[in-house]
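S.K.: First the structure, then my questions, so here it is.
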Amino acid sequence: MTSNGTISAGPGRDLRVAIVGAGMSGICMAVKLRDAGFDRVEIFEKADDVGGTWRANRYPGIACDVPAAFYSYTFAPNPAWTRRFSPGEQIHAYFRGVAERTGVLGRIRFGTEVVAATFDGAEWLVETDDGERRVFDVVVAATGVLHHPRIPDIEGLDRFGGPVAHSARWRPEWTTAGRRVGVVGTGSTGVQIVTALSRSAASVTQFQRSAQWVIPVPDHAYSRPWRALLARSARLRRFAYRNAAWQFSLFGRAVIRDGWERRLIAGICRLNLRTVRDRDLRARLTPTDQPLCRRLVMSAGYMRAVQRPHVDVVTDAIERVEPGAVVTADGRRHELDALILATGFDAHAFARPMRITGRDGITLDDAWADGPRAHGTTMVPGFPNLFLLMGPNSPIGNTSLVPIAEGQADHAVTWMRRIARGELTHVAPTTEATDAFNRRLREDMDGTVWVTGCTSWYIGPDGHPTMWPYDLASFYRMLRTPDDAEYVLDRATASAAVIRPPRVRSDPPPPAGPDPAGGVTPPPPGPAPAVDA
Ligand code: NAP
């Protein structure tokens with residue numbers, strides 16, 4: 001029996017599972033394991049709180065640009081979202097609430113960073129920064145995708161004098177109201193910050209290296225009666241989820257094929273740009289690449305914000321930082337009280353800088369010398385029983401990452417059930433299958449918008465997009481139906497022949513997950529029906 005008295009992983013080994021990271025995907029994995037009856041699960045979190053991105057990012061204007069109803073676990077719908085696009089604090093509170101209600105919180109070792117994980121041929125030795133070494137059967141890297149800040153190499157940055165930080169390290173207590181604030185970067189983060197600060201700062205100077213396409217997706221508050229209705233009706237909550245997923249599936253279709261969806265989105269972006277009346281400003285804000293080639297920036301307020309008299313978009317390159325100012329290549333000195341570096345993340349670190357060593361002493365750095373590659377986005381040849389959440393080529397565009405994590409966690413649970421039942425002891429993909437998988441992905445990038453000529457964090461170190469070039473339904477199908485022939489399966493000495501893996505759908509349905517509405521059963525299946533809709 002499980003901790004919640006429902007489904008058991010069945011007879012066999014009680015697997016010891018280490019989850020690295022207590023962000024959105026780590027919590028998801030822990031709840032899925034709890035529901036599948038795995039009790040020996042430990043979560044390592046280097047910070048002192050859950051939430052990952054939503055714990056770390058506390059910059060002015062932070063909000064999710066995916067509708068809140070869709071940025072929720074299917075097993076924990078939240079009728080309490082106050083807006084269509086939730087503010088960051090609310091999302092952080094949601095993940096914390098789920099971790100609390102499910103008992104996951106009690107399994108997290110906070111302030112403990114995993115520095116290394118080594119496979120010794122049978123088990124994983126997990127080493128933490130306090131020098132402790134623990135043994136596990138399975139390791140799940142739930143380490144996030146936009147986690148390691150990219151700090152620009154700008155001369156004099158350390159001499160600025162006032163508050164200066166990367167957006168993911170910005171402290172909310174640093175005052176920006178009534179101050180002269182500089183913002184470096186024009187991605188989703190920079191646009192959110194500039195839009196928010198345009199309402200409260202004395203002046204905002206945005207330093208732009210490249211212009212970005214912005215689509216004005218409207219936000220709105222949810223009324224109390226609507227939230228009360230949602231709290232009462234599981235059917236309505238399911239509808240809200242599916243509706244938001246359906247709306248955002250437009251972006252998914254637009255990026256992978258050149259059809260009416262791409263043209264519609266491009267047209268809306270161009271119309272949005274035309275709302276800028278000043279020709280010179282409009283020219284500065286006009287990108288040179290196609291809409292959607294980079295991750296599309298969503299903001300209904302940005303074009304209004306940059307037209308306010310105290311907001312300036314500077315396109316001359318930053319030459320250096322001096323005390324209290326940024327100096328640009330044209331010699332101008334932009335006097336500032338605070339400087340926010342919205343300069344993005346190293347999106348290709350994945351589980352690193354953890355030192356992960358698989359079979360025969362091969363490290364993940366060795367395996368990924370030519371760029372990160374995984375089989376099915378979740379597993380790497382030579383690294384048995386290591387699962388990646390949000391691994392290479394996960395569908396991480398303008399969609400919700402939550403159902404992506406759910407699909408990958410379900411996939412990992414499918415393998416762990418088989419190990420627990422004694423059908424096998426270890427699983428890792430074959431090199432051949434992984435090569436074929438990645439070859440197919442690369443070939444099928446043709447026709448996607450990501451290869452139309454732009455740079456962004458979507459593009460891997462080898463110059464190819466690390467994205468999923470198909471629709472989400474095929475992503476879930478791929479994860480639900482792993483083919484044994486594509487994996488190296490170590491069998492227990494005493495075990496019978498390995499049988500085909502059970503499909504996730506034919507496994508016993510997961511028990512009712514946590515429900516913020518209080519006791520009403522949320523939709524049990526994985527995320528596929530919603531995105532198929
Ligand atoms: P980003 O999209 O990578 O943008 C980084 C920006 O910084 C770019 O404009 C880049 O210019 C600029 N930059 C980098 N180094 C620079 C330098 N040395 N000098 C001048 N400019 C420099 O990063 P982000 O805005 O943090 O967004 C990253 C991702 O986070 C988003 O795409 C999105 O997936 C996610 N995000 C999501 C939300 C949400 O609401 N869900 C909110 C924020 C972020 P170039 O374009 O010229 O490289």
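S.K.: If we keep just the residues of segment 443-458 that are away from the ligand (no atom under 16 Å from the Cβ) and assigned to a helix (DSSP H, G or I), which is farthest from LEU386 (Cα to Cα)? Quick ask: steps written out before the conclusion?
M.R.: Here is the first cut: in segment 443-458, the residues away from the ligand (no atom under 16 Å from the Cβ) are 443-448, 451.
Among the residues that remain, those that are also assigned to a helix (DSSP H, G or I) are: 443, 451.
On the way: GLU443: 27, VAL451: 31 Å.
It comes out as VAL451.
S.K.: Restricting attention to segment 193-205, does a residue exist that is modelled with pLDDT under 95 and either within 11 Å of the ligand (Cβ to nearest atom) or open to solvent by less than 40 Å² (accessible area, probe 1.4 Å) (or both)?
M.R.: No, segment 193-205 contains no residue that is modelled with pLDDT under 95 and either within 11 Å of the ligand (Cβ to nearest atom) or open to solvent by less than 40 Å² (accessible area, probe 1.4 Å) (or both).
S.K.: Inside segment 253-310, counting only helices (runs of 4 or more DSSP H) that do not spill past its ends, which hold 1 or more residues that are away from the ligand (no atom under 16 Å from the Cβ), open to solvent by less than 60 Å² (accessible area, probe 1.4 Å) and farther than 24 Å from VAL204 by Cα?
M.R.: 260-274
S.K.: Now a separate question. Collect the residues in segment 110-148 that are more than 22 Å from the chain's Cα centre (by Cα), assigned to a strand (DSSP E or B) and more than 17 Å from ARG359 (Cβ to Cβ), keeping them in residue-number order.
M.R.: Within segment 110-148, GLU127, THR128, ARG133, ARG134 meet the criteria.
S.K.: Now for a separate question. Do we have any residue at all in segment 369-378 that's away from the ligand (no atom under 16 Å from the Cβ) and either assigned by TED's automatic domain parsing to the domain that holds SER167 or closer than 20 Å to GLU113 by Cβ (or both)?
M.R.: No, there is no match, as no residue in segment 369-378 is away from the ligand (no atom under 16 Å from the Cβ) and either assigned by TED's automatic domain parsing to the domain that holds SER167 or closer than 20 Å to GLU113 by Cβ (or both).
S.K.: Go over the candidates PRO79, PRO60 one by one and state the one that is closer than 21 Å to ALA300 by Cα, surrounded by 22 or more Cβ atoms within 10 Å (Cβ to Cβ), in contact with a helix residue (DSSP H, G or I) (Cβ under 7 Å, 6 or more places away or on another chain) and at pLDDT 95 or above.
M.R.: Step by step, each of PRO79, PRO60 is checked, and only PRO60 is closer than 21 Å to ALA300 by Cα, surrounded by 22 or more Cβ atoms within 10 Å (Cβ to Cβ), in contact with a helix residue (DSSP H, G or I) (Cβ under 7 Å, 6 or more places away or on another chain) and at pLDDT 95 or above.
S.K.: Another question, if that's okay. With respect to the numbered conditions (1) in contact (Cβ under 8 Å) with a residue 60 or more places away in the chain; (2) open to solvent by 10 Å² or more (accessible area, probe 1.4 Å); (3) more than 15 Å from the ligand (Cβ to nearest atom), which one is the sole condition not fulfilled by ARG440?
M.R.: With respect to (1) in contact (Cβ under 8 Å) with a residue 60 or more places away in the chain; (2) open to solvent by 10 Å² or more (accessible area, probe 1.4 Å); (3) more than 15 Å from the ligand (Cβ to nearest atom), ARG440 is out only on (1).
One line per residue, one yes/no per condition, for (1) more than 16 Å from the ligand (Cβ to nearest atom); (2) assigned to a helix (DSSP H, G or I); (3) not assigned by TED's automatic domain parsing to the domain that holds MET24:
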{"site": "GLY382", "(1), (2), (3)": "yes, no, no"}
{"site": "GLY397", "(1), (2), (3)": "no, no, no"}
{"site": "PRO403", "(1), (2), (3)": "no, yes, no"}
{"site": "ARG418", "(1), (2), (3)": "yes, yes, no"}
{"site": "GLU423", "(1), (2), (3)": "yes, no, no"}
{"site": "ALA436", "(1), (2), (3)": "yes, yes, no"}
{"site": "TYR470", "(1), (2), (3)": "yes, no, no"}
{"site": "ALA473", "(1), (2), (3)": "yes, yes, no"}
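The values are calculated or read from the model by the stated rules, or taken from the named source; none is laboratory data. If you're wondering where the values come from, they're calculated on a predicted model, not measured in any experiment. Because the Cβ atoms are built from the backbone with ideal geometry, glycine has one as well, and the counts that use them run over all protein chains shown. SASA here: full protein model, heavy atoms, side chains in, ligands and nucleic acids out. Shrake-Rupley method; radii C 1.70, N 1.55, O 1.52, S 1.80 Å.
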